[in-house]
1. Quantify how much of the Cα-Cα distance distribution of the chain extends past 20 Å, in percent.
2. Would you be so kind as to identify which of I105, A74, V55 lies farthest towards the positive end of the dipole of the stretch 1-143, taking Lys and Arg as +1 and Asp and Glu as -1 on Cβ and the Cα centre as origin?
3. For the pair E103 and W154, how long in nm is the line joining their label points, each one 7 Å along Cα→Cβ?
4. Given R₀ = 41 Å, FRET efficiency for R70-K185 by Cβ-Cβ distance, to 0.05?
5. FRET efficiency for R17 and Y195, Cβ-Cβ distance as r, R0 = 45 Å, nearest 0.05?
6. Treat each spin label as a single point 7 Å out from the Cα along the C-beta direction, and report the E34 to T175 distance in nm.
7. Taking the chain as a Gaussian network, where each spring joins two C-alpha atoms under 10 Å apart, which residue of H135, H101, H144 fluctuates the most?
8. How much mean residue ellipticity at 222 nm does the chain get from its helices, if each DSSP H run of length 4 or more adds -39500 (n - 2.57) and you divide by all residues, to the nearest 500 deg cm²/dmol?
Amino acid sequence: MTNSKIYYTKTTLKKERGWTDKNISVFLGQHDLERPNPTYKNASPMLLYLIEKVVKVEDSAEFKTRSKTRQKGAQKAVETKTKKILDYINGLTITLEVLNHNEVIKKSCEHYNDRQMEINSYYFASPSSDILFLHRICVNYLRHCCSSYEYNLWRIFGKVGVGPAYVILKIKILTEIARVYPILKDECDRQAAPYKTEESDAAKESLAFSLR
């Protein structure tokens, strides 16, 4: 079988070779062959394009220029969306519900124990538990239940730029917890430590966007 008799399906062109419907229409025009769909009897027929013709078009200067322009446009769209989400997170003012120390411990233990019961675990917390353990669950309780953390996670979920945005959000909330509850600062620093390098990179990325 010669190369001229080997075909790409339209689906292959789009999913594996990065073609768009527009480029197919402009550069390839009418399909070269049509065959029944081998998987779904009642589906639309497969549209086939000669590999020889596809490769020739892909090697052309006009196609390469058009593809580069499209890639630049797509990258610009990603940058715009990322800037928007980072601007949103950087502009947040974090506020916390202020409780006395004993109340924080009591509510944190209750919150932790409720979650343990949900997963059928019976390792419960009490005000007499290990102090470092208590500080950990207190920070977690304040972050999840006494701040806008959960709401803002929902706001950024699935958005372009969510990775650096999440890191910045978590660092900001941990910083505020440490400010309002100084006794928990060491635990806040411990939880923030793994994100510090990522946070620095995210901050640089955010700064780069702001300078454009």
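Every number in this text was worked out from the coordinates using simple rules, so none of it is lab data. Bear in mind that the values here come from a model prediction, so they are computed numbers and not experimental data. Here the Cβ positions follow ideal geometry from the backbone for every residue, glycine too, while neighbour counts run over all protein chains shown.
1. 71 percent
2. V55
3. 2.4 nm
4. Details: r = 49 Å, r/R0 = 1.21.
Working from the Cβ atoms, E equals 0.25.
5. Details: r = 38 Å, r/R0 = 0.85.
That gives a FRET efficiency of 0.75.
6. 6.2 nm
7. In this elastic network of the chain, the residue with the biggest mean-square fluctuation among H135, H101, H144 is H101.
8. -19500 deg cm²/dmol
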